[in-house]
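Engineer: Provided herewith is a single structure, encoded as structure tokens, for subsequent inquiry.
The values are calculated or read from the model by the stated rules, or taken from the named source; none is laboratory data. Remember, predicted model here, so these are calculated numbers, not experimental data. Here the Cβ is made from the backbone with ideal geometry for all residues, glycine too, and neighbour counts use every protein chain on show. Heads up: the accessible areas ignore ligands, DNA and RNA and are worked out on the full protein's heavy atoms, side chains in. Shrake-Rupley method; radii C 1.70, N 1.55, O 1.52, S 1.80 Å.
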Amino acid sequence: MTTRTDAPTRREQILKEAARLFAERGFHGVGVDEIGAAVGISGPGLYRHFPGKDAMLAELLVGISERLLAGGQLRVAEDATSGDGSPEALLDALIEGHIDFALDDRPLITLHDRELDRLRDTDRKRVRRLQRQYVELWVEVVRARYPRLPETEARATVHAVFGLLNSTPHLGRPGALPGRTATAALLHRLARGAFEAAGEQA
């Protein structure tokens with residue numbers, strides 16, 4: 001899977017700082033001027049990129065749901081074309097992709113938990129639809145690896161694993177964790193352990 005190395009655009013810089021500030025202080029606790037100051041432009045200058053804070057929040061939450069789904073779909077497609085893939089390897093790849101999100105985009109997890117209801121109806125429904133597609137992609141892979149696992153139990157286990165992986169904002173400050181590599185390995189073992197426990201009972 002290719003990794004983007006381009007420098008972030010100004011829009012991406014704005015969104016990254018907005019996510020951090022919204023997660024730290026809450027959506028209503030952050031002003032446009034503060035977001036602008038964080039990226040070195042005036043508050044009014046932000047309006048050349050976004051019509052307002054609501055648009056930033058929508059792009060953050062819809063955008064991460066789109067990225068997660070697209071990443072999962074890409075891993076499935078790469079596995080299908082490799083010719084030597086296995087359900088276990090594909091499940092590992094999905095877990096690794098979600099762990100990257102959980103460790104690198106912790107503010108977005110906090111933002112989703114706290115601020116999703118602030119989105120317009122259409123944006124909130126889009127987020128939910130993308131999330132359902134992402135879950136179903138995982139369910140299909142999990143059931144390929146554990147064919148005796150009923151669909152309802154596979155879906156419940158996927159949601160439980162997401163809850164486990166998305167707990168990273170509650171694991172303490174970044175410096176308190178055992179290091180990114182060790183934390184990623186631990187999360188991976190825990191996720192695989194959950195799937196193994198569900199599969200063994202089927």
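Engineer: Hey, can you tell me all the residues within region 90-117 that are open to solvent by less than 50 Å² (accessible area, probe 1.4 Å), farther than 19 Å from ALA194 by Cα and of a type in the set (Asp, Glu)?
Structural biologist: Within region 90-117, ASP105, GLU115 qualify.
Engineer: Any chance region 6-25 includes a residue that's among the polar types (S, T, N, Q), assigned to a helix (DSSP H, G or I) and closer than 22 Å to SER167 by Cβ?
Structural biologist: So far as region 6-25 goes, no, none of its residues is among the polar types (S, T, N, Q), assigned to a helix (DSSP H, G or I) and closer than 22 Å to SER167 by Cβ.
Engineer: Additional query: Condition test on LEU149, is it in contact with a Ser or Thr (Cβ under 9 Å, 6 or more places away or on another chain) and open to solvent by less than 30 Å² (accessible area, probe 1.4 Å)?
Structural biologist: Criteria met by LEU149.
Engineer: Further question on the same structure: Return the residues of region 51-89 that are farther than 19 Å from ARG145 by Cα, in contact (Cβ under 8 Å) with a residue 24 or more places away in the chain, surrounded by fewer than 17 Cβ atoms within 10 Å (Cβ to Cβ) and of a type in the set (A, V, I, L, M, F, W, C); say none if nothing qualifies.
Structural biologist: Scanning region 51-89 gives no hits.
Engineer: For region 81-138, give me each residue that is within 28 Å of GLY179 (Cα to Cα) and of a type in the set (Lys, Arg).
Structural biologist: Matches in region 81-138: ARG106, ARG114.
Engineer: Same structure again: Which condition from (1) farther than 30 Å from ARG143 by Cβ; (2) aliphatic (A, V, I, L, M); (3) part of a helix (DSSP H, G or I) is the one that ILE41 breaks?
Structural biologist: Checking ILE41 against (1) farther than 30 Å from ARG143 by Cβ; (2) aliphatic (A, V, I, L, M); (3) part of a helix (DSSP H, G or I), the one that fails is (3).
Engineer: Considering region 47-102 alone, what residues qualify as being closer than 19 Å to GLU136 by Cα and of a type in the set (Lys, Arg)?
Structural biologist: Scanning region 47-102 gives ARG67, ARG75.
Engineer: Exactly one condition in (1) touching a residue at least 12 places away in the same chain (Cβ under 8 Å); (2) of a type in the set (Ser, Thr, Tyr); (3) open to solvent by 50 Å² or more (accessible area, probe 1.4 Å) is not met by THR122; state its number.
Structural biologist: (1)
Engineer: What number of residues in region 17-59 are closer than 19 Å to ARG120 by Cβ, touching a Pro at 6+ places or on another chain (Cβ under 8 Å) and not aliphatic (A, V, I, L, M)?
Structural biologist: So the answer is 1.
Engineer: Tally time: how many residues in region 187-202 are modelled with pLDDT of 95 or more, of a type outside the set (Gly, Ala, Ser) and open to solvent by 40 Å² or more (accessible area, probe 1.4 Å)?
Structural biologist: Residues flagged as modelled with pLDDT of 95 or more, of a type outside the set (Gly, Ala, Ser) and open to solvent by 40 Å² or more (accessible area, probe 1.4 Å) within region 187-202 amount to 3.
Engineer: Does ALA156 satisfy the condition of being loosely packed, with under 15 Cβ neighbours inside 10 Å and hydrophobic (A, V, I, L, M, F, W, C)?
Structural biologist: yes
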